[in-house]
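**Q** Quick one: the structure is below, and I'll ask about it shortly.
Values quoted throughout were computed directly from the atomic coordinates according to the rules given, and no laboratory measurement underlies them. All figures in this text were calculated on a predicted structure; none of them were measured in a lab. Methodologically, a virtual Cβ is constructed for each residue, glycine included, from the backbone with ideal geometry; neighbour enumeration extends over all protein chains shown.
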Amino acid sequence: MSTPEARIADNTPAQDGWRLLRVHSSPSHPLEPGQWLELAAGDKAAAVAVYRFHAGEGWWAGLLSPEHRLAELRPGDTVSVAGLHGQPLPRPDSATVMLGVGEGVGPVLARAEEADQPPELVLMGDTSGLPVRLCPSRFVVNDLPGEVMAGVAPLEAAGVVARVAIPGNRPGCYDGDAFELLRHYLASRQIAGHAPPRRLIAAAPWRLLAPWHSALAQRFDAVHCLELPASDAHPR
């Protein structure tokens with residue numbers, strides 16, 4: 001059986017060296033954040049997580065980190081599509097914390113932007129930065145250090161509270177990873193006697209998310225995880 005093919009519509013730069021890859025395709029059903037497709041071009045193959053989907057115009061898009069194996073694809077390139085994987089991420093509610101790391105940033109960003117009920121908090125991070133503009137947040141998060149005050153511009157516009165973790169002393173960002181920032185948030189809430197959030201929606205590379213499974217299951221009533229295969233040189 002032949003492998004379906006698709007064509008790259010465009011590959012445009014985003015913030016911090018990330019790319020917005022848009023793929024011409026006509027899937028048999030809508031694609032949603034939480035799903036991912038395995039694309040291959042030449043001797044390179046990698047998963048691309050769904051960020052946006054436009055049925056009328058026949059395209060879907062993903063956000064690629066600078067290290068992504070397919071980050072150098074060009075408009076007009078043909079890619080083979082090995083299949084559709086994963087399940088759509090659930091919609092957040094006001095008792096939900098969302099966590100997006102690495103290639104999981106796109107799905108979490110999309111779900112948070114379109115939420116009918118804004119989540120309690122969105123945490124995002126990656127060692128290479130983020131594909132969206134950061135800005136001083138107008139929302140106060142009492143259970144995080146005051147110096148961690150950088151928000152995510154599209155989420156600020158949507159009225160969603162977010163904080164950012166990027167190593168390297170970025171202004172307003174937590175100097176570490178987003179998992180550590182989440183742990184700090186939960187511990188601070190507990191010390192202050194605040195009720196913990198009930199649900200977590202997380203999306204990240206498998207190798208980063210797997211070590212936290214037990215700890216997350218102990219802290220939330222429900223945990224929904226999108227675990228993505230490695231899209232860079234790391235195994236899995």
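**Q** Given Cα pairs under 8 Å that are at least 6 residues apart, what percent is the relative contact order of the chain?
**A** Details: 567 pairs, mean separation 45.1, N = 236.
Answer for the chain is 19 percent.
**Q** May I have the convex hull volume per residue, in Å³, for the Cα set of segment 47-99? Walk me through the numbers before you get to the answer.
**A** Values: hull volume 7.0 nm³, N = 53.
That works out to 133 Å³ per residue.
**Q** Could I have the simple spin-label model distance between GLU114 and ASP43, label points 7 Å from Cα toward Cβ, reported in nm to one decimal?
**A** The answer from the label model is 3.8 nm.
**Q** Now for a separate question. So how many Å³ per residue does the convex hull of the Cα atoms of segment 119-213 work out to? Mind showing how you got there, number by number?
**A** Numbers: hull volume 10.1 nm³, N = 95.
Roughly 106 Å³ of hull volume per residue.
**Q** What is the pair-distance distribution P(r) of segment 118-168, computed from all Cα-Cα distances in 10 Å bins starting at 0, with each bin given as a whole percent?
**A** In order of increasing distance, the bins hold 26, 60, 14 percent.
**Q** Can I ask one more? When the helices in the chain are scored as -39500 (n - 2.57) per DSSP H run of 4 or longer and the sum is shared across all residues, what 222 nm value do you end up with, to the nearest 500 deg cm²/dmol? Please report the intermediate quantities before stating the final value.
**A** Details: 5 runs with 40 residues, N = 236.
Helices in the chain give a 222 nm mean residue ellipticity of -4500 deg cm²/dmol.
**Q** Right, another one. I'd like the GluC sites (Glu not before Pro) in segment 39-120 restricted to DSSP loop residues with at most 13 other Cβ atoms within 10 Å, sorted by number. Present the calculation step by step, with values, prior to reporting the outcome.
**A** Numbers: sites: GLU57, GLU67, GLU72, GLU103, GLU113, GLU114, GLU120; in loops: GLU57, GLU67, GLU72, GLU114, GLU120.
Here the GluC sites (Glu not before Pro) that fit, given the DSSP loop and packing criteria, are GLU57, GLU72, GLU114.
**Q** Give, as ranges by residue number, the residues of segment 146-190 whose backbone N falls under 18 Å from the point 7 Å along Cα→Cβ of ARG91.
**A** Under cut-off, by backbone N: 158-161.
**Q** A further question on this structure: Return the tail of the calculated pair distribution for segment 64-156, meaning the percent of Cα-Cα pairs more than 17 Å apart. Write down the numbers at each step before the final one.
**A** Values: 2566 of 4278 pairs.
Tail of the P(r) past 17 Å holds 60 percent of the pairs.
**Q** Counting only other residues whose beta carbon sits under 10 Å from that of GLY104, what net charge do I get with K and R as +1, D and E as -1?
**A** Working: positive: none; negative: GLU103, ASP126, GLU227.
Within the 10 Å Cβ shell, the charges total -3.
**Q** Using alpha-carbon positions, what is the distance between the centroids of segment 49-125 and segment 156-191, in Å?
**A** 20 Å
**Q** For ARG170 and ARG198 in the same chain, what is the full-extension length gain: residue separation times 0.36 nm, less their Cα-Cα distance, in nm?
**A** Numbers: separation 28, 0.36 × 28 = 10.08 nm, distance 3.01 nm.
Stretched fully, the ARG170-ARG198 segment lengthens by 7.1 nm.
**Q** Compute, for segment 30-142, the length of the dipole vector about the Cα centre, with Cβ point charges of +1 (Lys, Arg) and -1 (Asp, Glu) only. Units Debye, rounded to 20. Could the numbers behind the result be given before it?
**A** Values: 8 positive and 14 negative charges, 36 e Å.
Magnitude of the dipole: close to 180 debye.
**Q** In vacuum, with every alpha carbon of segment 6-140 counted as one equal point scatterer, what does the Debye formula give for log10 I(q)/I(0) at q = 0.14 Å⁻¹? Two decimals, please.
**A** For segment 6-140 at q = 0.14 Å⁻¹, log10 I(q)/I(0) is -0.63.
**Q** Quick one: helix 178-192 against the long Cα principal axis of the chain, what's the angle to the nearest 10°, folded into 0 to 90?
**A** Helix 178-192 sits at roughly 20 degrees to that axis.
**Q** At a temperature of 25 °C and a viscosity of 0.890 mPa s, determine how fast the chain diffuses translationally according to Stokes-Einstein, using the Kirkwood radius over alpha-carbon pairs as Rh; express D in µm²/s, rounded to the nearest whole number. Before the final figure, lay out the partial values.
**A** Values: Rh = 18.0 Å.
In µm²/s, the coefficient rounds to 136.
**Q** With +1 on the Cβ of every Lys and Arg and -1 on the Cβ of every Asp and Glu, and nothing else charged, how large is the dipole of the chain about its Cα centre, in debye rounded to the nearest 20?
**A** For this selection, approximately 200 debye.
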